[in-house]
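A short write-up of the structure that comes next.
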Amino acid sequence: MLLKVRIKRQKPGQEPAFESYEVPVSEGMTLLDALNFVRDEIDPTLSVRQFCKAGICGTCAVNVNGFPKLVCKEQATPYALLKTEVVFEPINLPTIKDLVVDPSQQIEKLKSMSLWLKELEQNLPIPPEKSKEVEESADCILCFACQSYCPQTLDKSYIGPLFFAKLFRFAIDPREEHQEHRLNQSLLGGLYSCLSCNKCNNACPKEVRPATLIRNLMQFN
């Protein structure tokens, strides 16, 4: 059984173009394995980012048929059975080469907004139900799938679902010293410009549900 793949190739200083390949499918093969086969056996110039291969690091997120996926978690066989080309493109961030994108702007925004816990001096007990709520909103692995798939991020004043999910996590954490500031940051980031299209909920591979958290943030403001 063969998997037909079509990959958007882009080299620095060159216009992007699609190239097609055929990959023999073996049992248990993932789409990441298929991309690695192309690189290892057909075209060693192909670039794709990967690390853990377990759906934890978030580095292998690419668009598969127009939808962001962690390709290490996608089995190749169902796609091969369809007998149509699987189209791979980089997610909607600046492209370095082929399927490798540059998330540095997003990382710098995380730093500029100080999106880490500003912990109170005293230790506070957290009720189990609150701990579960904090944990669920903190499951983001920075794959940027939600951020790249959100249509409202075309408005540069809108910080995007990734950042609202982070802000919600700190706004509800009783250990956070600056909860009110987190709510103000969400307002300044365009909270009420959310389209409520739920695309970020659908794109998130860890079920963080950014759109739901945005609506929850609105209840605070």
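The values are calculated or read from the model by the stated rules, or taken from the named source; none is laboratory data. Quick caveat, the model's predicted, so the values are computed rather than measured. No Cβ is skipped: glycine too gets one built from the backbone with ideal geometry, and neighbour counts run over all protein chains shown. Accessible surface is based on the protein model in full, side chains and every heavy atom, while ligands, DNA and RNA are left aside. Shrake-Rupley method; radii C 1.70, N 1.55, O 1.52, S 1.80 Å.
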Check your understanding: Among the residues of the stretch 76-91, which ones are without any contact (Cβ under 8 Å) to a residue 60 or more places away in the chain and surrounded by 14 or more Cβ atoms within 10 Å (Cβ to Cβ)?
Key -> 91
Check your understanding: Does any residue of the stretch 121-130 turn out to be touching a residue at least 24 places away in the same chain (Cβ under 8 Å) and open to solvent by less than 20 Å² (accessible area, probe 1.4 Å)?
Key -> no
Check your understanding: Looking at this structure, is residue 38 under 22 Å from residue 202 (Cβ atoms) and open to solvent by less than 50 Å² (accessible area, probe 1.4 Å)?
Key -> no
Practice item. Quick one: count up the residues across the stretch 164-192 that are open to solvent by 50 Å² or more (accessible area, probe 1.4 Å) and either under 15 Å from residue 133 (Cβ atoms) or within 23 Å of the chain's Cα centre (by Cα) (or both). Key: 5
Check your understanding: Any chance the stretch 176-196 includes a residue that's in a loop (DSSP other than H, G, I, E, B), of a type outside the set (Phe, Trp, Tyr) and in contact with a strand residue (DSSP E or B) (Cβ under 9 Å, 6 or more places away or on another chain)?
Key -> yes
Practice item. Answer with yes or no whether residue 69 is buried (at least 18 other Cβ atoms within 10 Å of the Cβ), of a type in the set (D, E, K, R) and either touching a Pro at 6+ places or on another chain (Cβ under 7 Å) or not in a loop (DSSP other than H, G, I, E, B) (or both). Key: yes
Review point. In the stretch 140-163, which residues are of a type outside the set (Ser, Thr, Tyr), surrounded by 15 or more Cβ atoms within 10 Å (Cβ to Cβ) and not in a helix (DSSP H, G or I)?
Key: 140, 141, 142, 143, 144, 150, 159, 160
Revision key, fill the gap. Expected output for the stretch 44-59 (first residue open to solvent by less than 80 Å² (accessible area, probe 1.4 Å), partner of a type in the set (Gly, Ala, Ser), Cβ below 9 Å, 6+ apart or cross-chain) is 52/58; 58/145
Check your understanding: Quick check, is residue 213 surrounded by 15 or more Cβ atoms within 10 Å (Cβ to Cβ), of a type in the set (A, V, I, L, M), touching a residue at least 60 places away in the same chain (Cβ under 8 Å) and part of a helix (DSSP H, G or I)?
Key -> yes
